[in-house]
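Since the structure comes first, as structure tokens, the remarks are kept for the end.
The values are calculated or read from the model by the stated rules, or taken from the named source; none is laboratory data. For clarity, every value in this text was computed on a predicted model and none was experimentally measured. Methodologically, a virtual Cβ is constructed for each residue, glycine included, from the backbone with ideal geometry; neighbour enumeration extends over all protein chains shown.
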């Protein structure tokens with residue numbers, strides 16, 4: 001039996017600072033955006049222009065792409081099919097997880113009908129490293145920057161606020177033959193980053209952003225550089241169009257937009273309409289969309305609705321690396337794989353854990369696997385006590401014993417396919433350095449603790 005993919009109707013309003021208040025709920029029912037303002041406390045009610053409302057098709061959507069409907073994603077010299085990118089996620093997208101996702105992606109695609117014979121089976125980006133930490137030879141950072149022996153293309157995300165440090169890091173990585181693609185992080189919304197002017201805060205300083213992008217592109221030579229960013233700080237400080245145009249002007253090979261503001265964090269509904277606006281504004285390089293892709297139908301709907309050139313998959317694949325198999329099938333016009341049984345899930349889970357131990361060298365790596373275990377288990381009726389045991393195990397044999405106690409024939413619970421994993425917080429006011437918004441033309445690095453964050457988050 002082939003699994004059906006149903007496109008869920010998307011919200012027609014933007015996310016407010018407090019979307020659960022009675023006043024906000026009432027306004028939303030009337031088709032109104034509830035927006036926080038800086039000039040006055042409370043909210044301003046703004047009528048929603050119809051053209052700014054983002055809605056994926058309601059009801060059943062085509063589960064597979066039509067022949068020739070989409071093209072291979074071209075990022076500089078790299079060709080990618082399907083046009084799918086694994087988002088860099090701190091503490092998640094290490095060598096073992098990327099290998100699992102790639103394997104599943106390869107299993108799902110029809111190699112005889114590739115839009116380009118040389119296309120890689122997706123692009124799987126390493127987690128973020130900090131430029132300064134890499135230059136200083138920080139042991140954790142150097143380990144995070146490693147790739148599997150047969151991993152190709154080798155894609156890494158870089159964070160930095162000092163143009164000279166970013167440029168030097170990129171130059172050395174390229175000179176060492178260590179990377180095939182560099183992505184720059186201008187979208188991280190967490191307070192420890194934004195309060196120092198980094199991540200999602202940095203595009204506010206557009207001249208500094210331009211200097212950093214210039215340095216990265218110059219250091220990369222023929223290796224493509226891309227940037228990933230958010231819509232802006234909040235609804236009053238939108239930067240995504242300007243950021244995209246700067247990237248285009250300065251030689252980036254592609255851009256990716258997470259269609260939320262920093263204020264939203266990971267809450268509410270991603271506003272795909274912003275991806276469409278960016279695609280209309282930036283025309284010479286690929287534009288990728290990110291946000292609320294839980295199933296293959298979401299990826300197809302995003303590309304159809306916005307015209308974007310590819311999709312970036314984040315939380316949707318946590319505990320579900322086989323999502324990439326379904327994505328490959330959907331883009332190739334093939335029947336979608338059946339949802340796995342618990343036996344299938346447990347096989348992947350155990351293999352993931354074993355790969356982590358092998359890569360990091362000891363069973364201490366299983367501490368970082370516990371979150372993965374709980375993501376794999378979402379929705380399965382195993383009971384609270386056993387779930388707690390899955391959150392506490394310390395050795396592979398313990399994990400194997402726990403898995404053996406669960407009926408392998410249990411079907412996958414389809415109701416959790418769209419249930420967010422990992423980050424769910426927000427909305428929340430964005431922490432910014434003092435005077436950050438009042439001096440947007442300042443092109444000097446923020447200093448302080450902006451580059452002292454630990455690689456990988």
Legend entry - Leading residue by the ranking (surrounded by the fewest Cβ atoms within 10 Å (Cβ to Cβ)) among those in region 369-385 that are in contact with a helix residue (DSSP H, G or I) (Cβ under 7 Å, 6 or more places away or on another chain) and in a helix (DSSP H, G or I): 374
Inset, instruction - Test residue 114 against the stated conditions and say whether it is within 16 Å of residue 330 (Cα to Cα), free of Cβ contacts under 8 Å to residues at least 60 places away in the same chain and outside the structural domain of residue 354 (by TED's automatic domain parsing). - result: yes
Legend entry - Residue check for residue 144: outside the structural domain of residue 358 (by TED's automatic domain parsing), within 16 Å of residue 75 (Cβ to Cβ) and surrounded by 24 or more Cβ atoms within 10 Å (Cβ to Cβ): no
Inset, instruction - Take region 288-298 and flag every residue that is in contact with a helix residue (DSSP H, G or I) (Cβ under 6 Å, 6 or more places away or on another chain) and either buried (at least 24 other Cβ atoms within 10 Å of the Cβ) or under 15 Å from residue 187 (Cβ atoms) (or both). - result: 289, 293, 296
Inset, instruction - Considering only region 355-368, state which residues are touching a residue at least 40 places away in the same chain (Cβ under 8 Å) and surrounded by 15 or more Cβ atoms within 10 Å (Cβ to Cβ). - result: 355, 356, 359
Legend entry - Output for region 199-248, where each listed residue is over 19 Å from the mean Cα position of the chain (by Cα) and over 24 Å from residue 436 (Cα atoms): 217, 218, 219, 220, 221, 222, 223, 248
Legend entry - Options 314, 333: the member that is more than 28 Å from residue 397 (Cβ to Cβ), in contact (Cβ under 8 Å) with a residue 12 or more places away in the chain and touching a strand residue (DSSP E or B) at 6+ places or on another chain (Cβ under 8 Å): 314
Legend entry - Residue, farthest from residue 370 (Cα to Cα), within region 299-308, restricted to residues that are in contact with a helix residue (DSSP H, G or I) (Cβ under 8 Å, 6 or more places away or on another chain) and in contact (Cβ under 8 Å) with a residue 40 or more places away in the chain: 305
Legend entry - Long-range neighbours under 9 Å by Cβ, at least six apart or interchain, first residue at positive phi and exposed (fewer than 12 other Cβ atoms within 10 Å of the Cβ) within region 430-453, second part of a loop (DSSP other than H, G, I, E, B) and at pLDDT below 95: none
Inset, instruction - Given the conditions (1) in contact with a strand residue (DSSP E or B) (Cβ under 6 Å, 6 or more places away or on another chain); (2) free of Cβ contacts under 8 Å to residues at least 60 places away in the same chain; (3) over 18 Å from residue 330 (Cβ atoms), report the number of the one that residue 153 does not fulfil. - result: (2)
